[in-house]
Amino acid sequence: MNQSRVLSLLKELVSTNSENPPGHEADVAKILRDHMDAHGISCASIGPSERPNLIFSSHDQQKGDLIIHGHMDTVPAGPPENWTHDPFSSKIVDGRLYGRGACDMKGSLAALAETLILYSQEQHNKPLLFLATSDEESGCSGAERVAASSHLNGVRFGVCAEPTGLQVLIGEKGMFWSKVVAKGKAAHGSRPTEGINAIQVCMDAIRVLTNKQYAFDHQEVLGVPTFNIGVIQGGIKINVVPDSCEALLDMRTVIGQDPESLLKEMNDRLVLEGLSDRVKVEYVHGKPAVLTPMDSEIVSVAKSTVERITSESTTLGAATYGTDCSVLQPKVGIQNVICGPGSIEQAHQPDEFISLDELYQSIDIYLEIARYFDK
């Protein structure tokens, strides 16, 4: 491993703004392409030039059993005054590199790039692929484009390098976003009985929608579904009875739940409670829960490799957050594990950082997993 090469690439990636929204992945993509091209590694680009998705191959765009992958976009850095270090300065303090995306997940991109360079230099028989996607933070549309392209058809296994503290996760909860739309009747605030308060109607609906669990398949790794009321908007003035109100609900789903059945049950609950004439639930966005079988080859290889290299045991778990696995697993058939340097607690936070020692250790892990599948 060439640590100075990894660090140089990481600094350049973090210093390059790729906040999403609005999405500036093209500049990061150029850095990655130039870096890999300098080491003779080919690249295929999928999607628009301003928001590309890159597939690098150790064998001139040939496919093997394994793909390692991560995303190029980050969430916005937020107010600079919330940061101790400039979010785009790549400042290193006490073995930690600070900056927006250092942990989620430009550190991992640098590690995956180095893994592919080293694997290529070792001249293995089977190809290794490295995928860098756009727009993961706002819905995984980049992964959707890649899945639809058929470029990855036949790839069996994947390692998603999202930050897990180098623990091995074998699945992730799904996402079901919905909108509660309530209609009332406006009136003067001093005569509320002459109107119908849409905010109150919306609150009554939310209680009905969230007061008991929806059916799901019990599975220890993924746990139980969760609900969060993310946004409520209604009313125009304090002395006016509001005639409209909307709420946005974020449900993290598990196996056995799908958008169609959830949406139907939510609206059925409103009917049973006599609320359906004033309120309805609409679908906003969703991704399925995914789970790689415990006996999958990628699970056993990843777990044993991590434990050997870190000298620590790893308990197989699942992510509560979303990743590109929610697209690549159901739509391409790639069985994934999630394993990467850095902590998810650092992601999306001011003073986001990654431990350089952990970053370098992740390269050893990815390379060892890739070597296993060269047989």
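The values are calculated or read from the model by the stated rules, or taken from the named source; none is laboratory data. Since we're looking at a predicted model, the values are computed, not measured. Ideal geometry is used to build each Cβ from the backbone, glycine not excepted, and the neighbour counts take in all protein chains shown.
So in the stretch 77-102, with the set limited to residues that are among the aliphatic types (A, V, I, L, M) and in contact with a Lys or Arg (Cβ under 9 Å, 6 or more places away or on another chain), which one is farthest from Glu25 (Cα to Cα)?
Going through the qualifying residues, I end up with Ile92.
In the stretch 352-373, how many residues are out of contact with any helix residue (DSSP H, G or I) (no Cβ under 8 Å at 6 or more places or on another chain) and either of a type in the set (Asp, Glu) or surrounded by fewer than 18 Cβ atoms within 10 Å (Cβ to Cβ) (or both)?
The first filter runs over the stretch 352-373 and keeps only residues out of contact with any helix residue (DSSP H, G or I) (no Cβ under 8 Å at 6 or more places or on another chain), leaving 355, 357-358.
Keeping just the survivors that are either of a type in the set (Asp, Glu) or surrounded by fewer than 18 Cβ atoms within 10 Å (Cβ to Cβ) (or both) gives 357-358.
The total comes to 2.
Would you mind finding the one in Ser18, Ser4, Ser8, Ser45 that is of a type in the set (Ser, Thr, Tyr), out of contact with any Lys or Arg (no Cβ under 6 Å at 6 or more places or on another chain) and buried (at least 21 other Cβ atoms within 10 Å of the Cβ)?
Values: Ser4 fails: buried (at least 21 other Cβ atoms within 10 Å of the Cβ); Ser8 fails: buried (at least 21 other Cβ atoms within 10 Å of the Cβ); Ser45 fails: buried (at least 21 other Cβ atoms within 10 Å of the Cβ).
Just one listed residue meets the conditions, Ser18.
Tell me, which residue of the stretch 301-332 that is among the polar types (S, T, N, Q) and surrounded by 14 or more Cβ atoms within 10 Å (Cβ to Cβ) is farthest from Gly165 (Cα to Cα)?
Keep residues of the stretch 301-332 that are among the polar types (S, T, N, Q), which gives 304-305, 310-311, 313-315, 320, 323, 326, 329.
Narrowing further to those that are surrounded by 14 or more Cβ atoms within 10 Å (Cβ to Cβ): 304-305, 310, 314, 323, 326, 329.
Numbers: Ser304: 16, Thr305: 14, Thr310: 11, Thr314: 10, Thr323: 16, Ser326: 20, Gln329: 22 Å.
Of everything passing the filter in the stretch 301-332, Gln329 is farthest from Gly165 (Cα to Cα).
Report the residue count in the stretch 230-254 for those that are in contact with a strand residue (DSSP E or B) (Cβ under 6 Å, 6 or more places away or on another chain) and of a type in the set (A, V, I, L, M, F, W, C).
Total meeting the criteria: 8.
Can you work out which of the residues in the stretch 198-231 that are among the polar types (S, T, N, Q) and in a helix (DSSP H, G or I) is farthest from Leu275 (Cα to Cα)?
Ranking the qualifying residues of the stretch 198-231, first place goes to Thr210.
When both residues are 6+ apart or on different chains and their Cβ atoms are under 7 Å apart, which pairs have a first residue that lies in the stretch 205-217 and is closer than 19 Å to Ile255 by Cβ, and a second that is polar (S, T, N, Q) and assigned to a loop (DSSP other than H, G, I, E, B)?
Tyr214/Gln257; Phe216/Gln257
Answer yes if at least one residue in the stretch 19-26 is over 21 Å from Phe353 (Cα atoms), modelled with pLDDT of 95 or more and part of a helix (DSSP H, G or I), and no otherwise.
So far as the stretch 19-26 goes, yes, one or more of its residues are over 21 Å from Phe353 (Cα atoms), modelled with pLDDT of 95 or more and part of a helix (DSSP H, G or I).
Only one of Ser108, Ser45 is touching a residue at least 60 places away in the same chain (Cβ under 8 Å) and hydroxyl-bearing (Ser, Thr, Tyr); which?
Exactly one residue qualifies, and that residue is Ser108.
Consider Ala347 carefully, then state whether it is in contact with a strand residue (DSSP E or B) (Cβ under 7 Å, 6 or more places away or on another chain), touching a residue at least 40 places away in the same chain (Cβ under 8 Å) and hydrophobic (A, V, I, L, M, F, W, C).
So Ala347 does not fit the description; no.
Keeping to the stretch 314-344, report how many residues are more than 21 Å from Leu291 (Cβ to Cβ) and either assigned to a helix (DSSP H, G or I) or more than 14 Å from the chain's Cα centre (by Cα) (or both). Spell out the reasoning first.
Here is the first cut: in the stretch 314-344, the residues more than 21 Å from Leu291 (Cβ to Cβ) are 341-343.
With the extra rule that they be either assigned to a helix (DSSP H, G or I) or more than 14 Å from the chain's Cα centre (by Cα) (or both), the set shrinks to 341-342.
Qualifying residue count, the stretch 314-344: 2.
Just checking, which of Asp277, Asp364, Asp268, Asp357 is without any contact (Cβ under 8 Å) to a residue 40 or more places away in the chain, part of a helix (DSSP H, G or I) and out of contact with any His (no Cβ under 7 Å at 6 or more places or on another chain)?
Criteria check complete, one pass: Asp268.
Restricting to the stretch 225-265, what's the tally of residues that are among the hydroxyl-bearing types (Ser, Thr, Tyr) and in contact with a Pro (Cβ under 9 Å, 6 or more places away or on another chain)?
Result for the stretch 225-265: 1.
Name the strands (runs of 3 or more DSSP E) wholly within the stretch 133-188 that hold at least 3 residues that are surrounded by fewer than 24 Cβ atoms within 10 Å (Cβ to Cβ) and either of a type in the set (Gly, Ala, Ser) or over 15 Å from the mean Cα position of the chain (by Cα) (or both)?
Filter on the stretch 133-188 gives 174-183.
Between a first residue in the stretch 5-32 that is of a type in the set (Lys, Arg) and a second residue that is assigned to a loop (DSSP other than H, G, I, E, B), which pairs have beta carbons less than 8 Å apart while being 6 or more apart in sequence or on different chains?
Hits for this filter: Lys11/Ser90.
Kindly provide the set of residues from the stretch 344-375 that are among the small types (Gly, Ala, Ser) and either closer than 16 Å to Gly70 by Cβ or touching a Phe, Trp or Tyr at 6+ places or on another chain (Cβ under 9 Å) (or both), ordered by number.
To start, the set of residues in the stretch 344-375 that are among the small types (Gly, Ala, Ser) comprises 347, 355, 362, 370.
Matches in the stretch 344-375: Ala347, Ser362, Ala370.
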